[in-house]
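Here, each number is a calculation from the coordinates, and none is a lab measurement. From a predicted model like this one, the values you see are computed outputs, not experimental measurements. We place every Cβ from the backbone using ideal geometry, glycine too, and count neighbours over all the protein chains shown.
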Amino acid sequence: MRHNEILKQYFGYESFREGQEELVNSILSGRDTLGVMPTGAGKSVCYQVPALMMEGIAIVISPLISLMQDQVGALVQSGIRAAYINSSLTMNQLYAVIRNAEAGVYKIIYVAPERLDSEIFLNLARKIKISMITVDEAHCISQWGQDFRPSYLNIPKFAAELPERPVMTAFTATATQRVREDIIRLLELHDPFSLVTGFDRKNLYFEVRRPSDKSADLKRLITAYDKDGRSGIVYCSTRKAVEEVCDKLTQGGFSATRYHAGLSEEERRVNQEDFIFDRKRIMVATNAFGMGIDKSNVTFVIHYNMPKDVESYYQEAGRAGRDGSPSDCILLYSGRDVVTGEYLINKSYEESELPPEIAEETRRRDLKRLRDMTFYCTCGDCLRGYILRYFGEKAPMECGCCSVCCSDSEETDITVESQKILSCIFRAGQRFGVKTICDILRGSGSEQLSRRGLDKISTYGIMQDASEKRIRRIEERLETMGYIIRTEGDYPVLKLDNSSLEVLRGNVSVKARIPEDEVKKKKETLVYARDPKLMDILKKLRQKKAAVQSVPAYVIFTDASLADMCEKRPVTPEEFLNVSGVGDVKLERYGADFIQAIKYYCDGNPSEEPTVSKAPVNRMKTSADRKKAFAELEKGIADFSPSEENVHITALISGIIAAAGANVSAANLRTAVFEWLISEGYLELCPDNEGGTRKGITARSAEIGIFEEEVTASSGKKYTRVLYSTQAQRFIADNMGNIGKFAGHL
Ligand code: ADP
Ligand code: ZN
């Protein structure tokens, strides 16, 4: 099979990305090879494809246990026989791997560099045919790389002791000339083919902010991401900061966890898994976290403090958007970060056990790197351009997708747009958050809007051509100018300040620098939200599959793959194979179930725009008995007197049953009440914290006195529950006839 067939069949990708094919070809020709590619560019494929095509077993030397586990997990999912050898294996497991390796079961084995010296491994290596040695994160061999690992220095010795020297390959994301030279020299690569691919990650948006209050700024950012269900990392420079930031976020009700070297190994493991398995959305961590974290659905990386150098920054920020989705890399800068950075460098110099001249050289180098990093934050040039030039690449003066380029736009008159936004907030009753306002203005076809009647108001769709980002930006400006007030609390809503009347009447004009919609095109290629409902269904299915096998969800399919399914809606195996990231084995394993889910969804929603299904979720079966029970209820309900307190549904139902003396089960009645309320638009199904659904209030709930309350369970878990006021209780009782009809006759 040819390399592109392997790529398709096992990895499910149509074509190689930049640089991949050249690297694969070089390896296949038997030449030592060095690949330098930014994080997320797809280094693994470069050695995994040849590994499958060559005779024997490829040994991949990898610095971190989590990295190996992830890689092996993903390979096995794709039907590739792979294993790892590291200190996490028990003796029995180790022997099993060795036996299998000797029997030729695997194509790829990952090992930690420390294992290379062990007698057991050396014995194995002498017995089997090794097709290739790949050194992942190869900058670890250089003291000029940011994470030097002395055990990497043993690799050439190991290779030399093999009966036959296999082809040697090395991969890294560190691009400096010096590190590259070190890798070639210290790994003793023979006349290597080296290729440095473009370091530009086009799907990343870069931003530097200088907030006066970082904590408040972070909260604002996270709130926005959280609304969209996005997952991300917040990097802090110290353990203390990690603790503080994580505590604040958790207290704010966000799903966050933490990671730093001061935690027990057990806690680090648990927290890391919580994040990887999507049980926690936000990871707050020091730079100890992340190397080898392959989680593909990280869509933002926020640096709460400036990191020590551009290499670290780009590597950490690069953990966003690995599956190619547009993602944000935001750095919260303050002058203090520079002071802290210098302090840390000097401290490590004082504690260094290196010979003094080397220590001093290292110190100077680190201070220079810190200065370069500071310059990134302060110079005011295109951020992407700065990074690319730092890594020795040519870059245009403006990229159009960073905070500098975006803010450089001309000051323009945005009075008309401002009026549209203000008027929309007013027409919608000053009851909604920015997301809903954007949806109305853009004329989103979402069922939420139509259910609430928001698609009937006069401002619906009047900003169809503006991106959500632009509307949000203008809204933000209007907020800073004091025309809009955002309420505090978990569900902030936008209200108008009296001063906004002047804008609405056209007495004052509004001017601001609002970047043009450069980002819009990129965002549009993101299919994510095209069909959020189907995406949601597919995500749930993926979660189920992942849970059964105890693997992270993205190992089954990346978000990008699911998005592609939403776009292509495959309903046959052939069509399913066309989805990016679907190879033969994934088709076989998951094709049927995903196809079924897609078909089912499409059948229920034949039109482009999914319509609201009126069918109740859990409809009661029509039966004479039930009709009778409801008839009794309707009669007996006259005796029901609502509680003066706000009650929960359970209390309401048992109150009704007790008063009416009807022969109906509480569960059935409750279902009927819920379904009727939903069908009337007084309640709706919305996602809960656990990945399931719950009943939530709608724009109409308040009309009849239904509202929500946030409660903390004794376990400390927060959840939202719906409460029924006296008015709501009476309303439901009065409508018992309709509820009965709905339940019985539909
Ligand atoms: P790196 O090791 O360079 O940081 P990875 O090897 O983890 O990056 O790849 C990043 C992501 O890109 C993974 O989700 C991977 O499956 C995906 N990917 C790699 N090669 C391709 C390709 N040719 N087409 C589409 N996606 C790819
Ligand atoms: Zn730029």
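Region 125-217: which GluC sites (Glu not before Pro) are DSSP loop and have at most 15 other beta-carbon atoms within 10 angstrom?
Values: sites: GLU137, GLU161, GLU164, GLU181, GLU188, GLU207; in loops: GLU137, GLU161, GLU164, GLU188.
Filter output for region 125-217: GLU161, GLU164, GLU188.
Using just the helices of the chain, give the 222 nm mean residue ellipticity in deg cm²/dmol: DSSP H runs with n ≥ 4 each add -39,500 (n - 2.57), and the total is spread over all residues, rounded to 500. Before the final figure, lay out the partial values.
On the way: 32 runs with 334 residues, N = 746.
Counting only the DSSP helices, I get -13500 deg cm²/dmol.
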Here the membrane-span-like helices of the chain, with no claim about any membrane, defined by DSSP H, Cα axial extent at least 15 Å and mean Kyte-Doolittle at least -0.5, are 43-53, 65-77, 91-102, 415-427, 592-604, 649-660, 666-679
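Give me the percent relative contact order of region 206-365, please, defined on Cα pairs under 8 angstrom at least 6 residues apart.
After rounding, I find 26 percent.
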Once phi for every residue in region 492-505 is put through the Karplus expression 6.51 cos²θ - 1.76 cosθ + 1.60 (θ = phi - 60°), the whole-Hz ³J(HN,Hα) values, with Gly and Pro written as x, are x, 10, 9, 10, 8, 7, 4, 4, 5, 3, 4, 5, 4, 7
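Report the local net charge at LEU332: Lys and Arg +1, Asp and Glu -1, summed over other residues whose C-beta lies under 13 Å from its C-beta.
Combined, the nearby Lys, Arg, Asp and Glu give +1.
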Would you order THR436, THR712 from fewest to most other beta-carbon atoms within 10 Å of each residue's own beta-carbon? THR712, THR436
Once you put a point 7 Å from the Cα of ALA667 and another 7 Å from the Cα of CYS686, both along the Cβ direction, what distance in nm separates them? 2.8
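Using a cut-off of 13 Å between beta-carbons, work out the net charge of the residues near SER641 (Lys and Arg +1, Asp and Glu -1, SER641 not included). Numbers along the way, then the final one.
Values: positive: ARG730; negative: ASP639, GLU644, GLU645, ASP734.
Summing Lys/Arg as +1 and Asp/Glu as -1 gives -3.
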Length gained, MET481-ARG431, 0.36 nm per residue minus C-alpha separation, equals 16.0 nm
Within region 269-308, the residues whose backbone N lies under 17 Å from a label point placed 7 Å from the Cα of ALA547 along the Cα-to-Cβ direction are 274-281
DSSP loop GluC sites (Glu not before Pro) in region 633-699 with at most 13 other Cβ atoms within 10 Å of their Cβ, which ones? GLU644, GLU645, GLU690
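Sort out the exposed loop trypsin sites (Lys or Arg not before Pro) in the chain (DSSP loop, at most 11 other Cβ within 10 Å) and tell me the longest stretch that has none. Show your work: numbers first, answer last.
Working: sites that count: ARG2, LYS394, LYS456, ARG505, LYS614, LYS621, LYS717.
Counting at most 11 other Cβ atoms within 10 Å as exposed, the longest clean stretch of the chain is 3-393.
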How many nm is it between the label spots at GLU265 and ARG17, if each spot is 7 Å from the Cα in line with the beta carbon? 3.3
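So how much slack lies between SER118 and LEU504, counting 0.36 nm per residue of separation and subtracting their Cα-Cα distance, in nm?
Additional length available on full extension: 131.4 nm.
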Counting DSSP beta bridges with both ends in the chain, the antiparallel % (nearest 5): 30
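For region 261-382, what does the alpha-carbon gyration tensor say about shape, rounded, prolate or oblate, given a ≥ b ≥ c as the root eigenvalues, a/c under 1.5 as rounded, and a/b over b/c as prolate? Intermediate values should be presented prior to the final figure.
Values: a/c = 2.36, a/b = 1.41, b/c = 1.68.
Oblate is the answer for region 261-382, as a/c is 1.5 or above yet b/c matches or exceeds a/b.
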Extending each Cα 7 Å along its Cβ direction at ALA288 and ASP593, get the distance between those two points in nm, one decimal. 3.6
Amide hydrogen neighbours beyond the local backbone of VAL234, cut-off 5 Å, H modeled: MET283, VAL284, ALA285, ILE302
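Sequence gap at least 6, Cα distance under 8 Å: using those rules, report the relative contact order of region 532-602 to the nearest whole percent. Mind dumping the intermediate values first?
Numbers: 58 pairs, mean separation 21.6, N = 71.
In percent, rounded to a whole number, it is 30.
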I need the calculated FRET efficiency for the pair ILE358 and ASN154, taking r as the beta carbon distance and R₀ as 25 Å, to the nearest 0.05. 0.75
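Counting other beta carbons within 10 Å of each residue's own, what order do CYS401, CYS329 fall into, fewest first? Please report the intermediate quantities before stating the final value.
Working: CYS401 22, CYS329 27.
Fewest-to-most ranking of CYS401, CYS329: CYS401, CYS329.
Using a Förster distance of 30 angstrom, determine the FRET efficiency expected from the C-beta separation of LYS227 and HIS648, and round it to 0.05.
Working: r = 26 Å, r/R0 = 0.88.
Efficiency at R0 = 30 Å is approximately 0.70.
How high is the FRET efficiency from ALA216 to LYS127, r the C-beta distance, R0 56 Å, rounded to 0.05?
Values: r = 61 Å, r/R0 = 1.10.
That pair, ALA216 with LYS127, gives E of 0.35.
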Work out how much length ASP584 to ARG99 would gain on full extension: take 0.36 nm times their residue separation and subtract the Cα-Cα distance, in nm to one decimal. 171.8 nm
Could you grab the relative contact order for region 334-460? Cα pairs under 8 Å, six or more apart, rounded to a whole percent. 14
The exposure ranking of ASP274, ASP117, fewest beta-carbon neighbours within 10 Å first, is ASP117, ASP274
Given the C-alpha centroids of region 162-228 and region 427-445, what is the distance between them in whole angstrom? 39
